[in-house]
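For reference, the structure discussed in these notes is given below.
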There are 2 protein chains.
Amino acid sequence: MLAVTLICVGRLKDAFFDDASAEYLKRLTPFAKVNTVEIKQAPLSEKPSQTEIAKALETEGAEITKKIPAGSMVVAMCIEGKQMSSEKFSRIFTDAALTGRSHITFIIGGSCGIADSVKRQADIRMSMSEMTFPHRLARVMLLEQIYRAFKIAAGEKYHK
Amino acid sequence: MLAVTLICVGRLKDAFFDDASAEYLKRLTPFAKVNTVEIKQAPLSEKPSQTEIAKALETEGAEITKKIPAGSMVVAMCIEGKQMSSEKFSRIFTDAALTGRSHITFIIGGSCGIADSVKRQADIRMSMSEMTFPHRLARVMLLEQIYRAFKIAAGEKYHK
């Protein structure tokens, strides 16, 4: 069974996003071993400078790098990344299975994004939208797409 | 104050999506008079034909058309629509205010999308992603973007 790790910066503070994530994680249990790792968001001042933001991203980035499982395919979520349809996204999972990769790791940054050092480690830089979504909602959106990807791969009815 | 109507096909069955929508509706109260109208999803058989789907969409479409407030700008959400950044989306609201339009209506279809007859009435056909999201999650995503749009227009800190 494919293993999927979600490395997320920051916690799901809102109960409804927490509940939605839990629901998709539950629905994913027949398809994959999904594991969520939360990294603490580095503190920032009220009006942080670019240097301060870059430093915070590097602190978070060092933590993220430590948590990437050895040999895992890495997908970094970033607004400048490549968009794809749900069908194409589904192929990431089927291709991983075909090429013998047993682990896929998705990285969702905090409110300031992801450090360049982390992006450089990624096999795929992916975006879900031209719009900026809060990272907590992005986590729910990504979990839904992962669930949808397995349903598409299984030829099941969920996706039309 | 700008009025915003969301015409949605189908109900928010999951409590977490309902709670998330309620939260964004609450946050929007200082910025706009937002009103949600739910249209009943037309029933479909287990494996509906294209003709059956088209007929259901037209039934829903007739209901949607009745609910569009007179003189409102209409934005239809559809996967083939135009994507835009959150900043650009924000301009829909500021432009409406500048050109004296006091009402904007967003239409989110059900699981089979929106009838062509409705799309033809739209001033803007808009997409949030190349990916397919469940219409219930799309409603939460759209409400978040509307809230973000007003925060951007007000120059507030929420959006970076």
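The values are calculated or read from the model by the stated rules, or taken from the named source; none is laboratory data. Quick caveat, the model's predicted, so the values are computed rather than measured. Cβ atoms come from the backbone with ideal geometry, glycine included; neighbour counts cover every protein chain shown. With ligands, DNA and RNA removed, areas are computed over all heavy atoms of the protein, side chains included. Shrake-Rupley method; radii C 1.70, N 1.55, O 1.52, S 1.80 Å.
Looking only at the stretch A:112-140, which residues are in a loop (DSSP other than H, G, I, E, B) and more than 19 Å from A:PHE16 (Cα to Cα)?
A:CYS112, A:ILE114, A:ALA115, A:ALA122, A:ASP123, A:SER127, A:MET128, A:SER129, A:GLU130, A:MET131, A:THR132
Taking the stretch A:1-29, which residues are surrounded by fewer than 20 Cβ atoms within 10 Å (Cβ to Cβ) and without any contact (Cβ under 8 Å) to a residue 24 or more places away in the chain?
A:ALA15, A:ASP18, A:ASP19, A:ALA22, A:GLU23, A:LYS26, A:THR29
Residue check: is A:GLU87 of a type in the set (Asp, Glu) and either touching a His at 6+ places or on another chain (Cβ under 6 Å) or modelled with pLDDT of 95 or more (or both)?
When the stated conditions are applied, A:GLU87 passes them.
Filter the stretch A:77-101 for residues that are more than 14 Å from chain B (Cβ to nearest Cβ) and in a loop (DSSP other than H, G, I, E, B); which is surrounded by the most Cβ atoms within 10 Å (Cβ to Cβ)?
That would be A:ARG101.
Out of the residues in the stretch B:30-53 that are outside any loop (DSSP other than H, G, I, E, B) and surrounded by fewer than 14 Cβ atoms within 10 Å (Cβ to Cβ), which is farthest from the other protein chains (Cβ to nearest Cβ)?
Going residue by residue through the stretch B:30-53, those that are outside any loop (DSSP other than H, G, I, E, B) are B:33-39, B:50-53.
Subset that is surrounded by fewer than 14 Cβ atoms within 10 Å (Cβ to Cβ): B:33, B:50-51.
Values: B:LYS33: 23, B:GLN50: 12, B:THR51: 16 Å.
Top of the filtered list is B:LYS33.
Scanning for something touching a strand residue (DSSP E or B) at 6+ places or on another chain (Cβ under 7 Å), crowded, with 18+ Cβ neighbours inside 10 Å, farther than 23 Å from A:GLN83 by Cα and in contact (Cβ under 8 Å) with a residue 24 or more places away in the chain, does the stretch B:126-133 turn up at least one residue?
no
For the stretch B:60-70, check the following and say yes or no: at least one residue is at pLDDT below 95 and under 24 Å from B:SER127 (Cβ atoms).
No; the residues of the stretch B:60-70 include none that is at pLDDT below 95 and under 24 Å from B:SER127 (Cβ atoms).
Does any residue in the stretch B:34-45 that is of a type outside the set (D, E, K, R) come within less than 6 Å, Cβ to Cβ, of a residue that is in a strand (DSSP E or B) six or more places away or on a different chain, and which pairs are these?
These pairs meet every condition: B:VAL34/B:VAL4; B:ASN35/B:THR5; B:THR36/B:LEU6; B:VAL37/B:ILE7; B:ILE39/B:VAL9; B:GLN41/B:VAL9; B:GLN41/B:GLY110.
Can you pull out every residue in the stretch A:119-160 that is in contact with a Cys (Cβ under 8 Å, 6 or more places away or on another chain) and either closer than 14 Å to A:LEU6 by Cα or within 12 Å of chain B (Cβ to nearest Cβ) (or both)?
Hits for the stretch A:119-160 are A:MET126, A:SER127, A:HIS135, A:ARG139, A:LYS160.
Based on this model, can you work out whether B:VAL74 counts as more than 10 Å from every other protein chain (Cβ to nearest Cβ), outside any strand (DSSP E or B), open to solvent by less than 20 Å² (accessible area, probe 1.4 Å) and farther than 29 Å from A:CYS78 by Cα?
No.
Residues to consider are B:THR99, B:THR105, B:THR132; find the one that is of a type in the set (Ser, Thr, Tyr) and touching a helix residue (DSSP H, G or I) at 6+ places or on another chain (Cβ under 7 Å).
Selected residue: B:THR132, the only one of B:THR99, B:THR105, B:THR132 that is of a type in the set (Ser, Thr, Tyr) and touching a helix residue (DSSP H, G or I) at 6+ places or on another chain (Cβ under 7 Å).
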